[in-house]
Amino acid sequence: MPSTDFEDLLRRSAPQVLGALVRRYGHFDTAEDAVQEALLAAATQWPSEGLPANPLGWLITVASRRLTDLLRSQQARERREDAVARQVPGGDLLAPAADRQESDGDDTLIVLFLCCHPSLTPASQIALTLRAVGGLGTTEIARAFLVPEQTMTRRITRAKQRIKDSGLPFRMPSAPDRADRLAAVLHVLYLIFTEGYASTSGPDLRRPELSVEAIRLTRMLRALLPQDGEVTGLLALMLLTDARRLARTGDDGELVPMAEQDRNRWDADQIAEGVALISEVLPRGEAGPYQLQAAIAAVHDEAASAAETDWAQITALYKVLLRMADNPVVSLNHAVAVAMSEGPSAGLELLERIERDGALTDHRPLAVRAHLMEMSGKPDAAREAYLAAAERALSLPQRRYLFGKAARLT
Amino acid sequence: MKYMIMLYGSQQDYDVQAGKQNDKPSWSAEDIRKMVEHMTSINKDLAESGELVDAQGLAAPALTRRVQFKDGAPVVTDGPYAETTEVIAGFWIVDVSGIDRATEIAARVTLCPGPGGTIGEPSPVDIRPIGEAPSPDDV
């Protein structure tokens with residue numbers, strides 16, 4: 001068996017083993033350590049000794065033994081009964097009834113919900129999700145976020161402690177809580193994805209792996225919740241966005257705007273999959289923000305050339321999105337779409353409203369103004385706006401792009 | 001021991017790099033890529049050896065906002081560096097065995113390629129020990 005298959009198997013098993021342990025013994029924090037050690041043992045033993053007949057069973061057994069050891073040494077240190085009596089509601093001390101139906105799949109979902117616990121900061125939620133659900137080692141996570149391993153270890157340890165202190169039982173959140181928690185889970189997955197995708201501040205080869213991991217985890221979540229339109233929408237959005245990754249930067253690492261990207265470098269398979277997903281869920285009605293953003297990405301990805309983009313449809317989608325979330329960035333994108341479908345003066349009118357509103361103080365409204373002025377055939381005004389935008393832009397690629405635009409207009 | 005390694009640059013340096021017209025030799029996109037590669041390879045090696053705490057490049061000095069307290073009220077001004085032309089452009093915080101190792105890293109930082117791949121007259125790099133106050137992480 002090739003080592004990547006081993007890795008796949010281990011990473012798929014990680015949340016299931018953790019779920020099984022926490023269900024049986026509780027102690028999320030200690031169980032998580034035990035699972036990491038079992039995974040490590042498997043990674044060193046399996047390649048030389050061969051795959052056990054029941055890999056999942058093997059992992060659960062090894063992790064359980066390790067957990068028992070860890071708990072025993074803990075018990076020696078602290079008066080465990082007191083803690084248990086304080087933390088665990090009475091019913092949870094009893095073993096679940098034999099006919100209680102819960103699949104391994106549900107365990108993965110519960111682990112995911114636990115990792116995205118509201119008492120944790122997004123940074124901790126991300127770290128814990130990557131470790132407990134993604135099965136990534138602390139070293140790998142620390143590298144991906146460019147922090148020392150020690151810092152990441154402390155962050156994960158504190159996160160687990162917080163979950164323990166919250167006394168949250170290992171079960172699915174109640175129905176009203178579930179929607180909130182799912183939104184947090186989707187947000188964390190999206191943050192992991194953008195961390196990998198938008199690393200314009202310093203090209204680092206490790207970051208795209210985070211996008212790949214986010215897509216893998218979202219795929220898994222969709223397998224668990226196939227009926228949830230927003231989960232499918234998020235997966236579609238990631239696939240449709242990630243499909244353009246190779247074309248986003250030029251040979252010298254400069255930013256290439258979508259209109260100038262070489263569409264042959266877009267990933268056709270990923271686009272096809274994303275379009276199929278979003279086409280499946282959109283007709284179900286009540287589209288959420290992830291579905292709408294995926295639909296917009298799909299319209300861009302399906303256009304044979306920038307000129308053939310269906311801007312009228314994009315405008316309509318942004319209008320719906322605006323009603324859902326009053327967000328200045330969405331307003332700005334909407335203004336661009338209106339300019340492209342109805343002409344620059346209609347876009348400028350909307351832009352003026354956004355500028356008066358003053359919520360966006362960075363270079364973006366100025367850059368849009370510059371583009372729209374250029375479209376209207378006013379090179380002097382466009383040049384002035386490009387320069388003003390360049391002065392305000394933070395990243396070097398953006399500054400170079402905007403100064404370059406201004407220079408071409410003189 | 002933790003040290004801060006500091007790199008300097010003027011507003012003019014930033015403008016030249018960003019492709020704004022200037023009388024200094026201008027940077028091509030390829031030059032920029034080489035510079036970023038240089039910095040990234042340092043970061044990667046420091047992350048691998050476990051010595052990297054943080055590394056950041058700062059945005060152009062013109063984007064600075066200075067806040068001062070005067071006559072009982074905070075006074076806010078833009079672009080405060082009336083007396084100085086060179087300000088911190090970026091920094092590394094490293095956790096290393098001692099000042100000699102930090103010096104080694106700083107020396108590598110100064111070997112950054114410039115326009116046309118030349119290593120011209122790099123501006124000086126400073127190393128300063130970080131005080132051992134307890135961090136919130138240790139509480």
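Obtain the nm distance between the two label points defined at A:Arg24 and A:Thr194 by a simple spin-label model: each point lies 7 Å from its Cα along the Cα-to-C-beta direction.
It is 4.1 nm.
Positive end of the dipole of the protein assembly as shown, charges at C-beta (+1 Lys, Arg; -1 Asp, Glu), about the Cα centre: which of B:Trp92, A:Leu51, B:Gly9 has its Cα farthest in that direction?
Result: A:Leu51.
Please work out the C-alpha center-to-center distance from the stretch A:115-158 to the stretch A:327-370 and express it in whole Å.
Result: 37 Å between the Cα centres.
Between A:Leu40 and A:Gln150, what length in nm is gained on full extension when 0.36 nm per residue of separation is reduced by their alpha carbon distance?
Working: separation 110, 0.36 × 110 = 39.60 nm, distance 1.88 nm.
Taking 0.36 nm per residue and subtracting the Cα distance, the gain is 37.7 nm.
In what sequence, highest mean first, do A:210-222, B:53-65 appear when ranked by Cβ atoms within 10 angstrom?
Packing proxy ranking, top to bottom: A:210-222, B:53-65.
Nearest 0.05, what FRET efficiency do A:Arg77 and B:Asp126 give at R0 = 41 Å with Cβ-Cβ as r? All intermediate terms of the calculation are to be shown ahead of the outcome.
Working: r = 47 Å, r/R0 = 1.14.
Efficiency, rounded to the nearest 0.05: 0.30.
What do you reckon, how do A:His187, B:His38 stack up by accessible area (1.4 Å probe), largest on top?
Details: A:His187 90, B:His38 30 Å².
So, going from the largest accessible area down, we get A:His187, B:His38.
Where does each of A:336-343, A:162-169, A:301-308 land if you order them by average Cβ count within 10 Å, highest first?
On the way: A:336-343: 19.8, A:162-169: 15.2, A:301-308: 12.5.
Result, highest mean Cβ count within 10 Å first: A:336-343, A:162-169, A:301-308.
May I ask you to derive the FRET efficiency for A:Glu342 and A:Arg284 from their Cβ-Cβ distance with R0 = 25 Å, giving the value to the nearest 0.05?
Values: r = 30 Å, r/R0 = 1.20.
E(calc), rounded to 0.05, equals 0.25.
How would B:Lys20, A:Lys405 line up by accessible area, probe 1.4 Å, largest first?
Numbers: B:Lys20 65, A:Lys405 30 Å².
Result, largest first: B:Lys20, A:Lys405.
Just to compare against my own numbers: the Cα pair-distance distribution for the protein assembly as shown, 20 Å bins, whole % per bin, please.
17, 47, 32, 5, 0
Per DSSP H run of at least 4 residues, take -39500 (n - 2.57); add these up for chain A, divide by its residues and hand me the 222 nm value, nearest 500 deg cm²/dmol. Walk me through the intermediate numbers first.
Values: 19 runs with 284 residues, N = 410.
Calculated mean residue ellipticity at 222 nm is -22500 deg cm²/dmol.
What is the stretch A:279-410's relative contact order, in percent, from Cα pairs under 8 angstrom and six or more apart in sequence? Provide the component values of the computation, followed by the final result.
Details: 141 pairs, mean separation 19.0, N = 132.
Computed value for the stretch A:279-410: 14 percent relative contact order.
Take the Cα of A:Ala53, step 7 Å along the line toward its Cβ, and report every residue of the stretch A:5-22 whose backbone nitrogen sits under 14 Å from that point.
none
Just to verify a number: what accessible area does A:Trp58 come out at with the full protein assembly present, 1.4 Å probe, Å² rounded to tens?
60 Å²
What percent of all Cα-Cα pairs in the stretch A:336-410 falls into each 5 Å bin, going from 0 up to the bin containing the maximum distance?
Using 5 Å bins, I get a P(r) of 3, 19, 27, 24, 19, 8, 0 for the stretch A:336-410.
Taking the full set of protein chains and a 1.4 angstrom probe, give the accessible area of A:Met375 in square angstrom, rounded to the nearest 10.
90 Å²
Between A:Asp5 and A:Arg178, 0.36 nm times their residue separation minus their Cα-Cα distance comes to what?
Values: separation 173, 0.36 × 173 = 62.28 nm, distance 3.34 nm.
So the chain would gain 58.9 nm between A:Asp5 and A:Arg178.
With the contact rule set at Cα under 8 Å and sequence spacing of 6 or more, what percent relative contact order holds for chain A?
10 percent
So, in nm, how far is label A:Ala312 from label B:Arg108 when the simple model puts each one 7 Å beyond its Cα toward the Cβ?
If labels sit at A:Ala312 and B:Arg108, their model points lie 5.9 nm apart.
Once neighbouring chains are kept in place and the probe is 1.4 Å, which whole percent of the accessible area of the protein assembly as shown is contributed by carbon and sulfur? Could the numbers behind the result be given before it?
Values: 14860 of 28420 Å².
Answer for the protein assembly as shown is 52 percent, counting heavy atoms of protein chains only.
Between B:Glu37 and A:Ala407, with labels modelled 7 Å along Cα→Cβ, what's the label distance in nm to one decimal, could you check?
So the label points at B:Glu37 and A:Ala407 sit 2.1 nm apart.
Hey, if we sort A:Asp29, B:Asp71 by accessible area with the 1.4 Å probe, largest down, what's the order?
Numbers: A:Asp29 20, B:Asp71 160 Å².
So, going from the largest accessible area down, we get B:Asp71, A:Asp29.
The values are calculated or read from the model by the stated rules, or taken from the named source; none is laboratory data. Quick caveat, the model's predicted, so the values are computed rather than measured. Every residue, glycine among them, receives a Cβ derived from its backbone with ideal geometry; neighbour counts consider all protein chains shown. Remember, those area values only see protein heavy atoms, side chains included, never the ligands or the DNA or RNA. Shrake-Rupley method; radii C 1.70, N 1.55, O 1.52, S 1.80 Å.
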